[in-house]
2 protein chains.
Amino acid sequence: MVKYANRMENVKASDIRELLKITDRPGMISFAGGLPAPELFPVDRLKDVTLRVLEASGAEALQYAATEGYAPLREKIAERMNTRYGTWLTGKNILITCGSQQGLDFSGKIFINEGDVVLCESPTYLGAINAFNAYKPNMLEVPTDNDGMLLDKLEHTLDTVKNIKLVYTIPDFQNPSGRSWSLERRRGFMELMAGRDIPILEDSPYSELRFEGEMLPSLKSFDKEGNVIYLGTFSKVFCPGMRIGWVAADERILEKYVLVKQGADLHSAGITQRNLSMYLDTYDLDEDIQKIRSVYKSRRDAMHNAISEEFPKGTRFTHPEGGLFTWVELDNRVDTRELLAQCLQHNVAFVPGDSFFPNGGGRNTMRLNYSNMTEDKIAEGIKLIAGIIRQKLN
Amino acid sequence: MVKYANRMENVKASDIRELLKITDRPGMISFAGGLPAPELFPVDRLKDVTLRVLEASGAEALQYAATEGYAPLREKIAERMNTRYGTWLTGKNILITCGSQQGLDFSGKIFINEGDVVLCESPTYLGAINAFNAYKPNMLEVPTDNDGMLLDKLEHTLDTVKNIKLVYTIPDFQNPSGRSWSLERRRGFMELMAGRDIPILEDSPYSELRFEGEMLPSLKSFDKEGNVIYLGTFSKVFCPGMRIGWVAADERILEKYVLVKQGADLHSAGITQRNLSMYLDTYDLDEDIQKIRSVYKSRRDAMHNAISEEFPKGTRFTHPEGGLFTWVELDNRVDTRELLAQCLQHNVAFVPGDSFFPNGGGRNTMRLNYSNMTEDKIAEGIKLIAGIIRQKLN
């Protein structure tokens, strides 16, 4: 047997992943993945832009390219962020990555020594836990309420714990909880972090998918010290299959990400970057996003109505104003891993909530995705799950 | 100032990279990059396959997809390897990566603890040194001749050095030297490695680009114990801008690569994988490769003729039977970094050879790429370099 590096003990196949491999079998109602609605992908427009890019600059698009990414796309991303999130970035602050997952992995590589502390929300995003785990951090969860991290708890942790190397946050429509940080909490958080020289990761894949309430400024917009590293992606507002995300950071920090990107895969595909750039020049992405918002809002409503009607009294669930997920807390007697195994037999799937707690817990919670199923399927699936929960409680 | 992980001390901006940033300025004759000839990219055929893929399966191509890669493409790669390199693989042995650079990074992550020994050829590929360095290995160079690693030296090292975690090899048209391992050396190497449980990385980006002599079996084809991990890529036979490479390995080892890929970027772009798969179904890639071979052979000849005529007597250079590079050893008094600085002022570029020695050395060597310049430019550029060398020696 060959010998693996010690870090591989932390990189394990998840039993959830094995269970969920069957979610693409026909007839399955899946609330498990974070999949966008594929019927909204701009397939015909992409045909058009691909032809134009290959016509205008085929050889350049297919050749090796700069590690940092396609310069016009980097500039457009900086401009979009500035108008939407109150930042003041230029193309030089942007590195194109293969989805924001790659930004998470790079962040682990750049900041985490074995045993270093990473602060995160509780619960937090499973994919970030997986990415960081390879670098053997000590993941410390900061208690959260509906408005974000609890600042008194955070302050106590910052003042008493050593080796805090990174604070990982998802302020908008958090994965898995669907909750967003309030404006006051964002401000208070940034004040609390001031002068501590701890990098703050702002993971923001869903921020453009707000269907209610007012858009809130990003943490990056409050960033006077240049310690906020923003991770963005086109996976949820355009399509995931092109794998285009980005890191936005101060140049001194972005330089590290560029070096790591060069060793990791040289650069992201030129052809897909140019296609997206041409799309942004030719079509109105904001119009597409408006359509996505309206569809997801209806689906969220369908899911909330179904949960309210079908799930047992006393079930608690979040009321996201955007994004893809709602978070459900069931009666303490329900173990959602067991529940999942039974649900899969009835062709309905979700992700058990304990996967989102890096140190365990949340056995009675679940994450439900509403973006990938029609309203009919949502009603049908929630009814099925509710039936199985009732059986378990009786 | 934020604090970085210790490994970042090993991830540094290369001064070469800074120098070479100017190689894309107009009029530059560059022998520096490992760039394929862009005029051979199948731009029109790619328009055709992209339209077909988006027509037939646009929504699937643009959605999240399996970490392992697009199943039909994985099968086609296994079949191509079996017919060409004498392997016996199936699609289950293949993971699609973002170029083979990603396979190098993953190999470092999977096998190297800080201080572990990685054996490599001397000189060896700069991109592999960069990828591995983030995991803080001790890179130990095994002396090589024109036929590959010297087996008596290798045996001594294997018998006396502890913590050897990986042997990194490039048997076909090595980067940077252009040399290929002989059949006897391949056999002898695999016999020497038998029973040692040390993974062997066979990095093989150029093997299909042979323009002289007979194709030799891959190390993977001699692999009775399942310890050879083969890295392949479509960058040199199709185009680099789609970033499609692969890892071929026994399932027990491939499983680790799949887990690491999931944390690193979830999966490679579905649209580019499907485009390539459709291309392989619709067109004859082998015909394209035949054309590439013929063009590169003429360019190699042009470069060798020019070196023979222009460079000082006593200059030694390799005679690659394929691939993209030739390797030059100059008079000991020439420092090729200084030479590069002067050459750039005259708009001609190459890579100084010391970059390819992980422990230093080779100050009088250089790597010359011949695939990316026309025969005229090759003659002109070599003449320019020769003139500057002569000035230095006088």
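Provide a single number: the residues in the range A:209-266 that are on the phi < 0 side of the Ramachandran plot and not in a helix (DSSP H, G or I). Working first, answer last.
From the range A:209-266, those on the phi < 0 side of the Ramachandran plot are A:209-212, A:214-225, A:227-242, A:244-265; that's our starting set.
Imposing the further condition that a residue be not in a helix (DSSP H, G or I) reduces the set to A:209-212, A:214-218, A:223-225, A:227-239, A:244-250.
Count: 32.
So A:GLY103 ticks every box in (1) surrounded by fewer than 24 Cβ atoms within 10 Å (Cβ to Cβ); (2) within 14 Å of chain B (Cβ to nearest Cβ) but one. Which box is left unticked?
Status for A:GLY103: all satisfied but (1).
Say we look at the range A:10-57 and pick out the residues that are hydroxyl-bearing (Ser, Thr, Tyr) and crowded, with 17+ Cβ neighbours inside 10 Å; which of these is nearest to the other protein chains (Cβ to nearest Cβ)? Give the derivation first.
First pass over the range A:10-57, keeping only residues hydroxyl-bearing (Ser, Thr, Tyr): A:14, A:23, A:30, A:50, A:57.
Of the ones still in play, those that are also crowded, with 17+ Cβ neighbours inside 10 Å are A:23, A:30, A:50.
Working: A:THR23: 12, A:SER30: 12, A:THR50: 5 Å.
Filtering the range A:10-57 for residues that are hydroxyl-bearing (Ser, Thr, Tyr) and crowded, with 17+ Cβ neighbours inside 10 Å, the one nearest to the other protein chains (Cβ to nearest Cβ) comes out as A:THR50.
Look through the range A:254-268, keep the residues that are free of Cβ contacts under 8 Å to residues at least 60 places away in the same chain and either more than 7 Å from chain B (Cβ to nearest Cβ) or touching a helix residue (DSSP H, G or I) at 6+ places or on another chain (Cβ under 7 Å) (or both), and return whichever of them is surrounded by the most Cβ atoms within 10 Å (Cβ to Cβ).
At the first step, the residues of the range A:254-268 found to be free of Cβ contacts under 8 Å to residues at least 60 places away in the same chain are A:255, A:259, A:263.
If we keep only those that are either more than 7 Å from chain B (Cβ to nearest Cβ) or touching a helix residue (DSSP H, G or I) at 6+ places or on another chain (Cβ under 7 Å) (or both) as well, we get A:255, A:263.
On the way: A:GLU255: 14, A:GLY263: 24.
So, considering only residues that are free of Cβ contacts under 8 Å to residues at least 60 places away in the same chain and either more than 7 Å from chain B (Cβ to nearest Cβ) or touching a helix residue (DSSP H, G or I) at 6+ places or on another chain (Cβ under 7 Å) (or both), the one surrounded by the most Cβ atoms within 10 Å (Cβ to Cβ) is A:GLY263.
Considering only the range A:122-138, state which residues are under 14 Å from A:GLY361 (Cα atoms) and aliphatic (A, V, I, L, M). Lay out the reasoning, then the answer.
First, pick out the residues of the range A:122-138 that are under 14 Å from A:GLY361 (Cα atoms): A:122-124, A:126.
Residue satisfying the conditions is A:LEU126 alone.
Of all residues in the range B:113-128, count the ones that are crowded, with 24+ Cβ neighbours inside 10 Å and facing another protein chain (nearest Cβ under 8 Å).
Result for the range B:113-128: 0.
Could you please let me know if B:PRO143 is in the same structural domain as B:ILE77 (by TED's automatic domain parsing) and surrounded by 22 or more Cβ atoms within 10 Å (Cβ to Cβ)? Spell out the reasoning first.
On the way: in the same structural domain as B:ILE77 (by TED's automatic domain parsing): yes; surrounded by 22 or more Cβ atoms within 10 Å (Cβ to Cβ): no.
No; evaluated as a whole, the condition is false for this residue.
Can you tell me how many residues within the range A:214-239 are closer than 18 Å to A:ASP286 by Cβ, in contact (Cβ under 8 Å) with a residue 24 or more places away in the chain and not hydrophobic (A, V, I, L, M, F, W, C)?
So the count comes out to 5.
So that you can scan it fast, the table gives a plain yes or no per residue for (1) closer than 19 Å to A:ARG80 by Cβ; (2) away from every other protein chain (no Cβ under 14 Å):
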residue: A:GLY178; (1), (2): no, yes
residue: A:GLY195; (1), (2): no, no
residue: A:PRO205; (1), (2): yes, no
residue: A:GLY213; (1), (2): no, yes
residue: A:LYS220; (1), (2): yes, yes
residue: A:SER235; (1), (2): yes, no
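Pull out all pairs, ordered by first then second residue, where Cβ-Cβ is under 7 Å, the residues are six or more apart or on different chains, the first lies in the range B:192-206 and is part of a loop (DSSP other than H, G, I, E, B), and the second is of a type in the set (Lys, Arg).
B:PRO205/B:LYS236; B:TYR206/B:LYS236
Return the total of residues in the range A:305-320 being over 17 Å from A:GLY353 (Cβ atoms) and buried (at least 19 other Cβ atoms within 10 Å of the Cβ).
1
Check whether at least one residue in the range A:85-105 is more than 22 Å from the chain's Cα centre (by Cα), closer than 23 Å to B:ASN113 by Cβ and in a loop (DSSP other than H, G, I, E, B), and report yes or no.
Taking every residue of the range A:85-105 in turn, none turns out to be more than 22 Å from the chain's Cα centre (by Cα), closer than 23 Å to B:ASN113 by Cβ and in a loop (DSSP other than H, G, I, E, B).
What do you reckon, is B:ASP116 of a type in the set (Asp, Glu), in the same structural domain as B:ASP203 (by TED's automatic domain parsing) and under 18 Å from A:ALA5 (Cα atoms)? If you could, list the steps in order and put the result at the bottom.
Numbers: of a type in the set (Asp, Glu): yes; in the same structural domain as B:ASP203 (by TED's automatic domain parsing): yes; under 18 Å from A:ALA5 (Cα atoms): yes.
Yes, satisfied.
Here are A:GLU329, A:GLU321, A:GLU309: which of them is under 25 Å from the mean Cα position of the chain (by Cα), of a type outside the set (Gly, Ala, Ser) and closer than 15 Å to A:ALA386 by Cβ? Before the answer, list the steps.
Details: A:GLU321 fails: closer than 15 Å to A:ALA386 by Cβ; A:GLU309 fails: under 25 Å from the mean Cα position of the chain (by Cα).
Of A:GLU329, A:GLU321, A:GLU309, the one residue that is under 25 Å from the mean Cα position of the chain (by Cα), of a type outside the set (Gly, Ala, Ser) and closer than 15 Å to A:ALA386 by Cβ is A:GLU329.
Considering only the range B:277-317, how many residues are of a type in the set (A, V, I, L, M, F, W, C), within 30 Å of B:ALA71 (Cα to Cα) and touching a helix residue (DSSP H, G or I) at 6+ places or on another chain (Cβ under 6 Å)? It would help to see each step written out before you state the result.
Let us first name the residues in the range B:277-317 that are of a type in the set (A, V, I, L, M, F, W, C), namely B:278, B:280, B:285, B:289, B:292, B:295, B:302-303, B:306-307, B:311, B:317.
Subset that is within 30 Å of B:ALA71 (Cα to Cα): B:278, B:280, B:285, B:289, B:292.
Keeping just the survivors that are touching a helix residue (DSSP H, G or I) at 6+ places or on another chain (Cβ under 6 Å) gives B:278, B:280, B:292.
Number satisfying all stated conditions: 3.
The values are calculated or read from the model by the stated rules, or taken from the named source; none is laboratory data. Everything quoted here is computed from the prediction, not taken from an experiment. Neighbour counts run over all protein chains shown; Cβ positions are idealised from the backbone, glycine included.
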